[in-house]
Amino acid sequence: MFSIVTGGADEIIHILDKGTYATLIKFSFDSIVKMAISPGIRSVCFSPDQKTLLVGTYGSEIYEISTKYSIK
């Protein structure tokens with residue numbers, strides 16, 4: 001399964017293969033969360049079981065996204 005997740009001010013989240021660092025999944029955070037004050041990504045991480053993605057934004061908001069519905 002995934003192990004590395006990155007994000008930045010461009011609002012794009014990349015999920016990378018832990019062995020090759022190749023992009024497995026790439027998606028726009030603002031396409032999932034429409035009401036963010038400032039959707040630039042300051043921090044992003046998986047939960048230990050990798051069923052939840054936590055995203056912190058430049059607007060000091062924290063979003064919990066279920067990977068069951070948003071990441072295929």
- [ ] Scan segment 1-17 for residues that are within 11 Å of the chain's Cα centre (by Cα) and part of a loop (DSSP other than H, G, I, E, B) and report the count.
- [x] 2
Task: So residue 47, is it hydroxyl-bearing (Ser, Thr, Tyr) and more than 9 Å from the chain's Cα centre (by Cα) - done: yes
Task: Tabulated pairs, segment 27-56, first closer than 15 Å to residue 8 by Cα, second among the basic types (Lys, Arg), C-beta under 8 angstrom, 6+ apart or interchain - done: 56/42
Task: Conditions (1) in contact with a strand residue (DSSP E or B) (Cβ under 9 Å, 6 or more places away or on another chain); (2) at pLDDT below 90; (3) not charged (D, E, K, R); number of the one not met by residue 48 - done: (1)
Task: Every residue from segment 18-50 that is in a loop (DSSP other than H, G, I, E, B) and in contact with a Phe, Trp or Tyr (Cβ under 8 Å, 6 or more places away or on another chain) - done: 18, 33, 36, 38, 39, 40, 50
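The values are calculated or read from the model by the stated rules, or taken from the named source; none is laboratory data. No experiment lies behind these values; they were computed from the predicted model shown. Positions of Cβ are generated from backbone atoms using ideal geometry, with glycine treated the same way; all protein chains shown enter the neighbour counts.
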